[in-house]
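Enquirer: Sending over a structure as structure tokens; questions will come in a sec.
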Amino acid sequence: MRMIFSSDAIRRQAIAWLVRRQSGTLSPRERRAFERWLAVPDHRQTFERVAAAWETLPDPGDALASARRKPRRGLSRYTLAYAACLSLALGLCVLEGWPLHDESVWKTAKGELKTIVLNDGSRVDLNSDSELAVRYGIRQRRLELRRGEALFAVSPLKWRPFEVRAGGAALHDIGTRFDVALFADRSRLAVSAGAVEVVVDATGERQRTDAGQSLFYNGATLLSEPAATDVDALLAWREHRLVFRNVPLVEALKELERYQPVRFHIPDPTVARLQLGGVFGNEDLAAFLTALERVLPVEATSSKNGEITIERRRPG
């Protein structure tokens, strides 16, 4: 099941409390109410992030001090201070929503998918057994894919660049929707819309990849040029499906291992090289093995340690 995570309601409450506190207008009764609200762990965490974002504003303290020093006819200094806080908060809400700073870490277990809605409206679909760290600041939106795979749909903000770090390279968004997958010896970028520039950490090599293309790289170099790719097939994992187009059996089984708590063993190299094509579900291991035995001359045997051995089917 895919889950969608967002905390807009709590974020709005945190903004309101911060504005009231910064304005200096909280009454004793309101302070007690604020402390009760803050006692909820999710509330406190969100409030701390909003407060950190507030500190990145251009001299909010100066704006408040100025408002307090210059009361206008019919308005108290506290009313003006409150208005100064509110205008700063509303300005950022209009631009991007709150908070500007975000240091979340998201993880999925095997077989689990998550859809994350970030505070700027960007969305990330996180594949099975993956980990993503969010590092949003006032000048840059940066994310780090630590393992697994993720699909990024980026909200365009020209003054605040969007960057994904993954597999020893920086991926710079150019108005895009793109997928990044980390494997043991390489990483894959596939672009669904727009374009992405890849910059390899070790060498500084740069390569633009456009919609409908993919490329492979590692932390040392670019491993391929951008090539036309069926990106929709690569993204079939979002529907719990695996699409193979004549890939070696050993690679197909490695892909399935990302979704199931199992290890495959293929003792015969000629069996490992058999080509597999078709569309398979990744949620039901038994159904996958049944389908595999129908399309290839192989049979699967489970051992007591949970390993599954794939061998050539015996005659008769």
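The values are calculated or read from the model by the stated rules, or taken from the named source; none is laboratory data. In this text, all values refer to a predicted model and were calculated from it rather than measured experimentally. Cβ placement follows ideal geometry from the backbone for every residue including glycine, while neighbour counts extend to all protein chains displayed. For the accessible areas, the whole protein counts, side chains as well, though only heavy atoms, and no ligand, DNA or RNA atoms are used. Shrake-Rupley method; radii C 1.70, N 1.55, O 1.52, S 1.80 Å.
Enquirer: Which value, in nm² and rounded to one decimal, describes the direction-averaged projected area of the C-alpha convex hull of the stretch 122-269? If you can, show how the numbers build up before the last one.
Expert: On the way: hull surface 37.1 nm².
Averaged projected hull area, Cα only: 9.3 nm².
Enquirer: From zero outward in steps of 10 Å, how is the percent of C-alpha pairs of the stretch 226-316 spread across the bins?
Expert: Calculated P(r), rounded to whole percents: 15, 51, 27, 6, 0.
Enquirer: Could you tally the net charge around Ser224, taking each other residue with its Cβ under 10 Å from the Cβ of Ser224, Lys/Arg +1 and Asp/Glu -1?
Expert: Residues close to Ser224 contribute a combined charge of +1.
Enquirer: Can you tally the net charge around Asp268? Count Lys and Arg as +1, Asp and Glu as -1, for every other residue whose Cβ sits under 14 Å from the Cβ of Asp268.
Expert: Details: positive: Arg273, Arg312, Arg313, Arg314; negative: Glu299, Glu311.
Value of the local net charge: +2.
Enquirer: Let me ask you something else. What shape does the stretch 257-303 take by its C-alpha gyration tensor, where a ≥ b ≥ c are the square roots of the eigenvalues and a/c under 1.5 counts as rounded, a/b above b/c as prolate, and the rest as oblate?
Expert: oblate
Enquirer: Here's a follow-up. Rg/Rh for the stretch 120-162: what does it come to with C-alpha atoms and Rh from Kirkwood? Please report the intermediate quantities before stating the final value.
Expert: On the way: Rg = 10.9 Å, Rh = 11.0 Å.
So for the stretch 120-162, dividing Rg by the Kirkwood Rh gives 0.99.
Enquirer: Any idea what the alpha-carbon Rg over 2.2 N^0.38 Å comes to for the stretch 100-197? Before the final figure, lay out each step's value.
Expert: On the way: Rg = 12.3 Å, N = 98, 2.2 N^0.38 = 12.6 Å.
In units of the 2.2 N^0.38 Å rule of thumb, it is 0.98.
Enquirer: Residues of the stretch 173-233: accessible area per residue at 1.4 Å, in Å²? Numbers along the way, then the final one.
Expert: Values: 2690 Å² over 61 residues.
Value for the stretch 173-233: 44 Å² per residue.
Enquirer: Using only the Cα atoms of the stretch 185-275, build the gyration tensor, take square roots of its eigenvalues as a ≥ b ≥ c, and label the shape rounded, prolate or oblate: rounded if a/c is under 1.5, else prolate if a/b is larger than b/c, else oblate.
Expert: On the way: a/c = 2.24, a/b = 1.59, b/c = 1.41.
Verdict is prolate for the stretch 185-275.
Enquirer: Something else: May I ask you to give the solvent-accessible area per residue for the stretch 110-158, in square angstrom, as obtained with a 1.4 angstrom probe? Provide the component values of the computation, followed by the final result.
Expert: Details: 1750 Å² over 49 residues.
Accessible area per residue: 36 Å².
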